[in-house]
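Notes follow the structure.
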Amino acid sequence: MLDGRATAKAIKVELAVEVAKLRQAGIKPGLGTLLVGDDPGSLTYVGGKHRDCAEIGMHSVRIDLPASASVSDIKAAVRDLNDSKEV
């Protein structure tokens, strides 16, 4: 039987060590997310990713767009994330 919480905790400990090594080498890993709309499950999922990043010492950038966002708005947000030195 797999204990999901214990496994997640162990993985986060390992990742925190790796993130610290990267930071010591001058590399600042980061996660970027783009959330379009306000689906409750998606909000929870993305929020969890950003909490995880904070727990392991990793930077995160979150962009939220309304469900009414145009394709050009979404493409611009993706470009912004791709161009970001923090992601």
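Give a quick list of GluC sites (Glu not before Pro) in the stretch 16-87 that DSSP marks as loop, anything other than H, G, I, E or B, with at most 14 other Cβ atoms within 10 Å.
In loop regions of the stretch 16-87 (DSSP not H, G, I, E or B), the sparsely surrounded GluC sites (Glu not before Pro) are Glu86.
Using a 1.4 Å probe, what is the accessible area per residue for the chain, in Å²?
72 Å²
Give the lysines whose C-alpha is closer than 19 Å to that of Lys75, dropping any in the same chain fewer than 8 places away, or say none.
Lys85
To two decimal places, what compactness ratio does the chain give when its Cα radius of gyration is scaled by 2.2 N^0.38 Å?
In units of the globular-protein estimate, the chain measures up at 1.28.
Within the set of other residues whose C-beta is less than 14 Å from the C-beta of Cys53, count the net charge using Lys and Arg as +1 and Asp and Glu as -1.
+2
Just to check I understand the Karplus step: with θ = phi - 60° and J = 6.51 cos²θ - 1.76 cosθ + 1.60, what whole-Hz values come out for the stretch 31-39, glycine and proline as x?
Here the 3J(HN,Hα) series is 10, x, 10, 10, 10, 10, x, 9, 4 Hz.
The values are calculated or read from the model by the stated rules, or taken from the named source; none is laboratory data. The model shown is predicted, which means the values in this text are computed figures rather than measured ones. Counting neighbours? That spans all protein chains shown, and the Cβs are built from the backbone with ideal geometry, glycine included. Calculation scope for accessible area: heavy atoms of the full protein, side chains included, ligands and nucleic acids excluded. Shrake-Rupley method; radii C 1.70, N 1.55, O 1.52, S 1.80 Å.
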